[in-house]
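Enquirer: Questions regarding the structure given below will be posed in turn.
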Amino acid sequence: MSTRTRRSPSRSRRPDVPRLERRILDAARRLYFADGPDGVSARKIAVAVGVSPTAIYLHYRGMDDVLHALRMEGHGTLAEYLRAVDPTLPALDRLREMGRAYHRFGMENRHYYELMFLGRSADAPRREIVQQELFTLMMLRDAVTSGVGAGEIRRDLDPMIVTTALWTQVHGVTALAVSGLLVQSTYEEQVAVLEGVFDAIRAWLTPR
């Protein structure tokens with residue numbers, strides 16, 4: 001009697017099933033964007049993905065780990081917004097465009113922004129988050145330093161102090177807008193507030 005060796009399906013014929021880790025994160029993102037942090041739980045993610053809750057812990061240590069991964073996604077997206085600004089612009093124009101990009105990121109990605117900046121845990125932030133935030137801040141500092149070197153920004157000012165002041169002002173307007181606490185109710189009025197901030201920054205930084 002002849003026998004035939006049973007062959008397993010070739011890799012090319014297998015269905016392209018996303019990795020479970022990615023499916024878990026995608027489900028967590030949908031839940032967070034719909035209902036905030038209270039909407040994210042192992043049980044809800046498991047139902048959305050179609051696995052048991054214990055399967056989630058094969059990839060993440062807990063919900064803090066899942067939210068951490070989402071925060072890192074948000075920081076990566078913010079960096080893309082800032083990198084899209086033309087680095088050949090004059091320094092003060094470049095800083096204005098970076099500020100606009102930061103604000104636009106917040107308004108177009110409110111859930112990420114809230115998770116990254118407005119819902120901080122009482123625990124010390126993880127090193128990876130701190131490093132990413134510093135990386136973003138250094139992108140702004142590099143633009144300031146370049147402007148100082150080109151004589152487009154006052155040389156009597158400390159670049160890091162300038163950087164921190166810029167971030168504080170743009171972040172303040174954006175955080176209030178994202179939180180719904182800015183008195184102005186329309187996006188156009190919010191932009192007008194931000195442009196006023198930029199005008200004050202330009203007046204401060206322009207060499208005398």
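The values are calculated or read from the model by the stated rules, or taken from the named source; none is laboratory data. All figures in this text were calculated on a predicted structure; none of them were measured in a lab. Please note: Cβ atoms are built from the backbone with ideal geometry, for glycine as well, and neighbour counts cover all protein chains shown. The protein model used for the area step is the full one, side chains on, heavy atoms only, and it has no ligands, DNA or RNA in it. Shrake-Rupley method; radii C 1.70, N 1.55, O 1.52, S 1.80 Å.
Enquirer: In the stretch 89-112, which residues are outside any helix (DSSP H, G or I) and either without any contact (Cβ under 8 Å) to a residue 40 or more places away in the chain or in contact with a Lys or Arg (Cβ under 9 Å, 6 or more places away or on another chain) (or both)?
Expert: Once the filter is applied, which keeps residues that are outside any helix (DSSP H, G or I) and either without any contact (Cβ under 8 Å) to a residue 40 or more places away in the chain or in contact with a Lys or Arg (Cβ under 9 Å, 6 or more places away or on another chain) (or both), the stretch 89-112 yields Leu89, Asn109.
Enquirer: If I ask for residues that are closer than 26 Å to Gln131 by Cβ, touching a Leu at 6+ places or on another chain (Cβ under 6 Å) and not aliphatic (A, V, I, L, M), which ones from the stretch 32-73 would you list?
Expert: Within the stretch 32-73, Arg71 is the sole residue that qualifies.
To keep it simple, each residue is scored yes or no on (1) under 22 Å from Trp204 (Cα atoms); (2) modelled with pLDDT of 85 or more.
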{"residue": "Leu89", "(1), (2)": "yes, yes"}
{"residue": "Arg94", "(1), (2)": "yes, yes"}
{"residue": "Gly106", "(1), (2)": "no, yes"}
{"residue": "Tyr112", "(1), (2)": "no, yes"}
{"residue": "Leu118", "(1), (2)": "no, no"}
{"residue": "Pro125", "(1), (2)": "no, no"}
{"residue": "Gln131", "(1), (2)": "no, no"}
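Enquirer: Which ones in the stretch 181-206 are closer than 18 Å to Leu157 by Cα and within 23 Å of the chain's Cα centre (by Cα)?
Expert: The answer is Phe198, and nothing else.
Enquirer: Can you find, within the stretch 173-191, the residue that is modelled with the lowest pLDDT among those that are in a loop (DSSP other than H, G, I, E, B) and either β-branched (Val, Ile, Thr) or in contact with a Phe, Trp or Tyr (Cβ under 6 Å, 6 or more places away or on another chain) (or both)?
Expert: For the stretch 173-191, the residue satisfying everything is Val183.
Enquirer: Going by what's in this entry, would Thr136 be described as open to solvent by 50 Å² or more (accessible area, probe 1.4 Å), assigned to a helix (DSSP H, G or I) and of a type in the set (S, T, N, Q)?
Expert: In short, no.
Enquirer: Name the single residue, out of those in the stretch 26-41 being modelled with pLDDT under 90 and not in a loop (DSSP other than H, G, I, E, B), that is farthest from Leu67 (Cα to Cα).
Expert: Only one residue fits best here, namely Asp35.
Enquirer: Same structure again: Of all residues in the stretch 42-85, count the ones that are closer than 26 Å to Met138 by Cβ, of a type in the set (Val, Ile, Thr) and either modelled with pLDDT under 85 or assigned to a helix (DSSP H, G or I) (or both).
Expert: Residues flagged as closer than 26 Å to Met138 by Cβ, of a type in the set (Val, Ile, Thr) and either modelled with pLDDT under 85 or assigned to a helix (DSSP H, G or I) (or both) within the stretch 42-85 amount to 1.
Enquirer: Select from the stretch 164-190 the residues that are of a type in the set (Val, Ile, Thr) and out of contact with any Lys or Arg (no Cβ under 8 Å at 6 or more places or on another chain) and write down the one among them that is most open to solvent (accessible area, probe 1.4 Å).
Expert: Val183
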